[in-house]
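J.: Could you have a look at this structure, given as structure tokens, before my questions?
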Amino acid sequence: MDHILSFVGGGFLHASWWQIVAFTLVATHVTIVGVTVFLHRSQAHRGLDLHPAVMHFFRFWLWMTTGMVTKEWVAIHRKHHAKCERDGDPHSPMRFGIWKVLFRGAELYREEATNAETMAKFGHGTPDDWLERHVYARHSLMGVMIMLALDIAMFGAVGVTVWAVQMAWIPFWAAGVVNGIGHYWGYRNYASPDTSTNVFPWGIIIGGEELHNNHHAYGTSAKFSAKWYEFDIGWGYIRILQFVGLAKIKKVAPKLKLDSNKPMVDLSTLQGVITHRYEVMARYGDIIKSAARQELAKLKTSRNPDGTECRWTTLRQVRRWLHRSEDALQPEQLAQVDQAIAGSQSLSTLVQMRRELGRLWESSSASSEQLLSHLQAWCQRAQQSGIEGLEQFADRLRRYAA
């Protein structure tokens with residue numbers, strides 16, 4: 001009886017509380033690394049190739065700590081990018097609501113995993129060996145049960161709590177926080193055609209997945225950090241694996257090149273603008289936001305019964321839509337935007353020219369020469385607009401290079 005009570009109280013290891021906490025943090029962090037490096041960057045987006053030994057370690061570890069099937073996770077994530085925030089997106093807070101995705105994101109994954117069409121269309125290229133077919137996919141719950149037995153054996157009764165934390169880690173942080181908050185709250189470096197955000201500039205707790213907007217802008221990049229102050233710990237692990245010959249990096253986001261000696265807009269400018277279109281639109285969005293703030297301040301100080309107060313209220317309500325593309329807004333939202341900016345020449349010009357610039361890369365039938373002519377004419381009109389921010393923007397755009 002004493003031996004049984006001793007085992008229940010501390011397992012075989014009789015670890016102290018801090019050792020148990022340390023094990024839990026290390027184990028959950030390895031799981032996060034498996035998700036971001038193996039499932040996400042390598043399998044879903046092919047941003048890097050991993051050595052077979054590293055791949056199998058992550059497959060085995062994720063089987064033990066999450067029960068996730070590689071093909072299911074990859075297919076669902078690829079569908080998320082293909083249908084982002086539209087009908088068919090498996091886990092968009094814009095469709096299901098932020099609270100459902102945050103706290104019940106794992107349920108949305110399990111529901112979509114039963115969709116045979118999703119698996120067939122988006123799950124190609126994932127491991128399909130004997131172990132995957134007969135162990136990992138067929139007996140996905142066996143691994144987590146083995147993990148439960150190991151946690152209890154190591155730590156006794158408290159091992160159940162350790163196991164529960166391990167099981168909840170990915171559903172909360174990855175399925176909930178990244179898929180939920182990562183499309184709801186944060187900052188944006190790029191004006192990608194969705195609501196993706198960077199939750200935090202230092203990607204440590206979720207392995208770099210915190211930099212979600214950067215990822216949506218350049219989905220196939222193995223590196224998620226973009227600004228000098230951002231940190232992607234997952235990229236650090238990838239570089240270590242590359243250094244020891246266990247990983248091969250295939251794709252990273254292109255670096256912006258500016259040629260200060262370029263006299264005019266040419267084909268290199270066109271290619272650079274299209275390549276960095278999300279960065280271009282993010283900078284343009286800052287100009288519109290600044291102009292909207294100035295217009296609101298002017299209207300606020302000159303309120304009178306002639307409708308100025310009404311214009312201030314309308315503009316304040318729609319200002320978050322001013323820098324969005326036409327495709328991202330509903331018809332009634334577009335109508336409200338047009339109504340709000342009708343009384344401001346500068347805002348009307350900025351919004352209209354933003355729409356025209358966006359058509360540069362939306363056109364699928366125009367030739368390079370036609371697109372170049374369109375960009376040259378756009379820059380010329382921008383430099384003659386009389387709007388200081390727009391003139392400076394056009395001057396910087398001229399220096400873009402492929």
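J.: Can you tell me how many residues in the stretch 63-89 are under 17 Å from Ser196 (Cβ atoms), open to solvent by 20 Å² or more (accessible area, probe 1.4 Å) and assigned to a helix (DSSP H, G or I)?
T.: 4
J.: If a residue must be without any contact (Cβ under 8 Å) to a residue 40 or more places away in the chain and either among the small types (Gly, Ala, Ser) or loosely packed, with under 15 Cβ neighbours inside 10 Å (or both), how many such residues does the stretch 360-390 contain? If you could, list the steps in order and put the result at the bottom.
T.: First, pick out the residues of the stretch 360-390 that are without any contact (Cβ under 8 Å) to a residue 40 or more places away in the chain: 362-367, 369-370, 373-374, 377-378, 380-386, 388.
Still in the list and also either among the small types (Gly, Ala, Ser) or loosely packed, with under 15 Cβ neighbours inside 10 Å (or both): 362-367, 369-370, 373, 377, 380-382, 384-386, 388.
Matching residues across the stretch 360-390 total 17.
J.: For a quick check of your reading: which helices (runs of 4 or more DSSP H) sit entirely within the stretch 110-188 and have at least 1 residues that are without any contact (Cβ under 8 Å) to a residue 40 or more places away in the chain and aromatic (Phe, Trp, Tyr)? Explain how you work it out, then say what you get.
T.: Values: elements: 116-122, 140-155, 158-170.
In the stretch 110-188, the matching helices (runs of 4 or more DSSP H) lie at 158-170.
J.: Among the residues of the stretch 317-357, count how many are surrounded by fewer than 19 Cβ atoms within 10 Å (Cβ to Cβ) and touching a residue at least 60 places away in the same chain (Cβ under 8 Å).
T.: Here the count works out to 3.
J.: Counting just the residues of the stretch 243-267 that are farther than 17 Å from His40 by Cβ and outside any loop (DSSP other than H, G, I, E, B), which one comes out modelled with the highest pLDDT?
T.: Taking the stretch 243-267 and keeping what is farther than 17 Å from His40 by Cβ, we get 243-246, 254-267.
Checking the rest, the ones that are also outside any loop (DSSP other than H, G, I, E, B) come to 243, 257-258, 267.
Details: Phe243: 98, Lys257: 89, Leu258: 90, Leu267: 93.
Selected residue: Phe243.
J.: If Ser92 satisfies all but one of (1) at pLDDT 95 or above; (2) crowded, with 18+ Cβ neighbours inside 10 Å, what's the number of the condition it fails?
T.: Going through the list (1) at pLDDT 95 or above; (2) crowded, with 18+ Cβ neighbours inside 10 Å, Ser92 breaks only (1).
J.: Okay, next question. Considering only the stretch 210-222, state which residues are without any contact (Cβ under 8 Å) to a residue 60 or more places away in the chain and either of a type in the set (Gly, Ala, Ser) or in contact with a strand residue (DSSP E or B) (Cβ under 7 Å, 6 or more places away or on another chain) (or both).
T.: Listed by number, the residues that qualify are Glu210, Leu211, His212, Asn213, Asn214.
J.: Hey, another quick one. State yes or no: is Gly34 surrounded by 18 or more Cβ atoms within 10 Å (Cβ to Cβ) and touching a residue at least 40 places away in the same chain (Cβ under 8 Å)?
T.: Working: surrounded by 18 or more Cβ atoms within 10 Å (Cβ to Cβ): yes; touching a residue at least 40 places away in the same chain (Cβ under 8 Å): no.
So Gly34 fails the test.
J.: In the stretch 211-240, which residue that is of a type in the set (Gly, Ala, Ser) and within 12 Å of the chain's Cα centre (by Cα) is nearest to Lys251 (Cα to Cα)?
T.: Ser221
J.: Any idea which of (1) at pLDDT below 95; (2) closer than 27 Å to Ile274 by Cβ; (3) crowded, with 23+ Cβ neighbours inside 10 Å is the one Gly176 doesn't satisfy?
T.: Exception for Gly176: condition (2).
J.: Quick one: Phe12 ticks every box in (1) part of a helix (DSSP H, G or I); (2) in contact (Cβ under 8 Å) with a residue 40 or more places away in the chain; (3) of a type in the set (Phe, Trp, Tyr); (4) open to solvent by 70 Å² or more (accessible area, probe 1.4 Å) except a single one, so which number is it?
T.: Here Phe12 meets the rest and fails (1).
J.: Within the stretch 179-222, work out how many residues are buried (at least 24 other Cβ atoms within 10 Å of the Cβ) and among the charged types (D, E, K, R).
T.: Of the residues in the stretch 179-222, 2 are buried (at least 24 other Cβ atoms within 10 Å of the Cβ) and among the charged types (D, E, K, R).
J.: Using beta carbons and a limit of 7 Å, which pairs, at least six apart or on different chains, have the first residue in the stretch 285-307 and under 18 Å from Gln317 (Cα atoms) and the second one part of a loop (DSSP other than H, G, I, E, B) and modelled with pLDDT under 90?
T.: As it stands, the answer is Gly285/His323; Ile288/Leu322; Ile288/His323; Lys289/His323; Ala292/Leu322; Glu295/Ser344, since those pairs meet every condition given.
J.: Let me ask you something else. Take the conditions open to solvent by 60 Å² or more (accessible area, probe 1.4 Å) and not hydrophobic (A, V, I, L, M, F, W, C) and apply them to Asp49. Does it pass?
T.: Numbers: open to solvent by 60 Å² or more (accessible area, probe 1.4 Å): yes; not hydrophobic (A, V, I, L, M, F, W, C): yes.
So Asp49 passes the test.
J.: Also, quick follow-up: So is Val273 surrounded by 14 or more Cβ atoms within 10 Å (Cβ to Cβ), under 23 Å from Ser196 (Cβ atoms) and free of Cβ contacts under 8 Å to residues at least 24 places away in the same chain or not? Break it down stepwise before answering.
T.: Numbers: surrounded by 14 or more Cβ atoms within 10 Å (Cβ to Cβ): yes; under 23 Å from Ser196 (Cβ atoms): yes; free of Cβ contacts under 8 Å to residues at least 24 places away in the same chain: no.
It is false that Val273 is surrounded by 14 or more Cβ atoms within 10 Å (Cβ to Cβ), under 23 Å from Ser196 (Cβ atoms) and free of Cβ contacts under 8 Å to residues at least 24 places away in the same chain.
J.: Are there any pairs, at least 6 apart or on different chains, whose C-beta atoms fall under 7 Å, with the first in the stretch 39-63 and farther than 15 Å from Gly207 by Cβ and the second among the β-branched types (Val, Ile, Thr), and if so, which?
T.: Arg46/Thr220; Arg59/Thr70
The values are calculated or read from the model by the stated rules, or taken from the named source; none is laboratory data. For clarity, every value in this text was computed on a predicted model and none was experimentally measured. Because the Cβ atoms are built from the backbone with ideal geometry, glycine has one as well, and the counts that use them run over all protein chains shown. Note: accessible area is taken over every heavy atom of the protein model, side chains too, but ligands, DNA and RNA are not part of it. Shrake-Rupley method; radii C 1.70, N 1.55, O 1.52, S 1.80 Å.
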